[in-house]
1. State the three equivalent ellipsoid semi-axes of segment 43-193, derived from the C-alpha gyration tensor as the square roots of 5 times its eigenvalues, in descending order and whole Å.
2. Each label point is 7 Å from the Cα along the Cα-to-Cβ direction; what then is the distance between the points at residue 213 and residue 76, in nm?
3. How far apart, in nanometres, would the label points at residue 42 and residue 69 be if each is projected 7 angstrom from Cα along the Cα-to-Cβ direction?
4. Give the Rg/Rh ratio for segment 132-219, taking Rg as the radius of gyration of the Cα atoms and Rh as the Kirkwood radius, to two decimals.
5. Please give the length that would be gained between residue 162 and residue 99 if that part of the chain were fully extended, namely 0.36 nm times their separation in residues minus their C-alpha to C-alpha distance (nm, one decimal).
6. Find the relative contact order for segment 155-206 and round it to a whole percent, using C-alpha pairs within less than 8 Å whose residues are 6+ positions apart.
7. Around residue 145, under 12 Å between beta carbons, what's the net of Lys plus Arg minus Asp minus Glu among the other residues?
Amino acid sequence: MSDKMDNTNNEEKTSQKISEEDIEAVKAAEPEDIKEKEPLDIKNEILEWFESFVFAMLIVQLVFIFLFRIVMVDGSSMNNTLVNGDRLIMTHVNYTPERDDIVVVDSEAAGKILIKRVIGVEGDKVVIDYMQNHVYVNDQLISNKHNKEIMIDNGYFDRQYQAEDGTYVYEVPENSVFVMGDNRNDSKDSRSIGCVPEDELMGKAVFRIYPFDKIGKVD
């Protein structure tokens, strides 16, 4: 009888020693897949997703404000490289113009925004020979691969630069560029408005995003 009472007392003492903290510790030691899961809060899930989406859109907007801009081609002066309605991504951070770049120009002389190709930079000598359909930069013949068609002297160009019939010579001043459209017979560019000051360059067109079947690098 005494032994039974001792065993009963021991069991009671053991049960009294198991606290709530002990129970929680045991639960924490259980494998993840058998722990009691909290019910899914749909509202919180949607709110967290929406906050992530807004944050991502904000980052994209900041990137385009400070690093890139989207511009649209207006007109046919860059055919066939670019056509009317094309959407381009333009970069403008720490941009230094180089020959053959396609640039966006906020032209005071033209009174509008232009998209053209850089032919010469400061210090360059540009010679355009319409009789031979050739353009020389510093006496080096440049490629005609971008041109839509054979150039003609349509009488629209500034005659002060005419050296002889069909030949024009331009000296590119400091902090300026000489630009032309790839559609050279239908382009308002440095032949008529003069060299473009670098501070009128908005940036370089680097990528076409529309139309979708022409997405890719611009060159």
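Read-outs: derived from the displayed coordinates by stated rules, not from any lab. Note that the structure is predicted; figures quoted are calculated from it, not measured. Positions of Cβ are backbone-derived with ideal geometry, glycine not excepted, and every protein chain shown enters the neighbour counts.
1. The three semi-axes for segment 43-193 are 40, 16, 13 Å.
2. About 2.0 nm separates the two model spin labels.
3. A separation of 4.6 nm, rounded to one decimal place.
4. Details: Rg = 14.9 Å, Rh = 15.0 Å.
Value, to two decimals: 0.99.
5. 20.4 nm
6. The value is 31 percent.
7. Working: positive: 117, 148; negative: 100, 182, 219.
Around residue 145, the surrounding residues sum to -1.
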